[in-house]
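So the structure is just underneath, and the comments pick up after that.
The values are calculated or read from the model by the stated rules, or taken from the named source; none is laboratory data. Fair warning: this is a prediction, and the values are worked out from it, not measured in the lab. Neighbour counts run over all protein chains shown; Cβ positions are idealised from the backbone, glycine included. Accessible surface is based on the protein model in full, side chains and every heavy atom, while ligands, DNA and RNA are left aside. Shrake-Rupley method; radii C 1.70, N 1.55, O 1.52, S 1.80 Å.
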Amino acid sequence: MWADAVFEGGGVKGIGLVGALTVAEKEGYKWKNVAGTSAGSMIAALTAAGYTAEELYGLLLDLDFTSFLPKTIYHRIPYVGPALRMWIKKGIYSGDALEHWLECRLAEKGVRTFGDLQDVGLKIIASDITQKMLMILPDDLASYGHDPATFSVAKAVRMSCSIPFFFDPVMLYHSPSGKYSCIVDGGVLSNFPIWIFDSDCPRWPTFGFDLNNPTKEKKGSVAEVPGPLNMFLSLFYTMMDAYDNRYIRSKDQIRTISVPTLGVKITDFSLSKEKKDTLYQSGMKAGEAFFEGWTFDSYLQARGKSRSTQINFGKNDEPPLQKGS
């Protein structure tokens, strides 16, 4: 039973999305296309490479997220050091460790470039603040003068994960202008691109996996970041948490699995295994509640769409699951 999947950005909270994804796969869904922003792009890329949700859970449970934040000489200088690095490098941390980890995990499935992805379509959202435009990778790479088939998937995910001033931006050469574009986190422009696979006559559903923080607790500040920059980052994380959740329209609720994040923040990199598992279980509960009684016909009706009249199912194609029918 085919479906598309879209994953919201949310930093370390992404393991909650994997819980909901596990339920979807247990329901029998296989993925034709996947997309994501920031941490959601990491889940999307690994899914496109062939990792199952249960495999992703194992990877993230054992992963020490603080390994993505290696200490440098700048970080040994109290208070001033991180801000100094940000001033010089445009980020408190480089993002190299995150890219390297993902590069290794993708290579284990034989994937390095977008050209290696044969079975599942992948879309990654990033933000070009030089050209002032949202980027959809790999689609937009050709307009920059890059061959999508040879472009690193891990590099694209890093671009999508480059939270402004927290991770270094990625400088991508833009052939038409002869200059470099500054690429940052896709969440700047679209943290939950649920629209990306929309069509007038869908052959299968799109499921959105988003993160919902129902608590009204005050957002925590970012350790080691002094002064106004701390305020900026806190505002940015709040925007990523709240904007797309408010924007979700009623007709999108039929395709959105909202995972309670239990107060976990985007930058809780020291998250314990116990808390990770609690988030994962939260995602599973949200997924189970979502699929109870869900049908493709109710999905189409809620979204004002009609079933495609051009369906021609081959031996590897199956119509969407019709629970309750």
Check your understanding: If you count the DSSP beta bridges with both ends in region 2-303, what percent of them are antiparallel, to the nearest 5?
Key -> 40
Point to revise | Probe 1.4 Å, accessible area per residue of region 1-119, Å² | key: 39
Exercise for review: Taking H placed 1.01 Å from N in the peptide plane, check which residues at least 5 places from ILE163 or on another chain put their amide H under 5 Å from its amide H.
Suggested key: ASP185
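Of the accessible area of region 11-119, with the probe set at 1.4 angstrom, what percent is carbon plus sulfur?
Values: 2510 of 4550 Å².
Summing carbon and sulfur atoms, their accessible area is 55 percent of the total for region 11-119.
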Check your understanding: Mind listing the phi-derived Karplus ³J(HN,Hα) values for region 41-49, rounded to whole Hz, using 6.51, -1.76 and 1.60 with θ = phi - 60°, and x for any glycine or proline?
Key -> 6, 5, 5, 4, 5, 5, 5, 4, 6
Practice item. Quick one: net charge around ALA35, please, counting Lys, Arg +1 and Asp, Glu -1 for every other residue with C-beta under 10 Å from its C-beta. Key: 0
Study note, to complete from the structure: Expected sort for 140-151, 42-53, 10-21, 105-116 on mean C-beta neighbours within 10 Å, highest first, is 10-21, 42-53, 105-116, 140-151
Check your understanding: What is the set of long-range amide H partners of TYR180 at a cut-off below 5 Å, with H atoms built 1.01 Å from backbone N?
Key -> HIS174
Review point. Debye sum, Cα scatterers, region 1-137, no solvent: what log₁₀ I/I(0) at q = 0.12 1/Å?
Key: -0.55
Study note, to complete from the structure: Expected sort for 255-261, 133-139 on mean C-beta neighbours within 10 Å, highest first, is 255-261, 133-139
Exercise for review: May I ask for the net charge around GLY14, where only other residues with Cβ less than 12 Å from the Cβ of GLY14 are counted and Lys, Arg are +1 while Asp, Glu are -1?
Suggested key: -1
Review point. Going by average Cβ neighbours within 10 Å, how do the peptides 292-298, 184-190 rank, with the highest at the top?
Key: 184-190, 292-298
Check your understanding: So what's region 2-303 giving for Rg/Rh, alpha carbon basis, Kirkwood Rh from the mean inverse pair distance?
Key -> 0.95
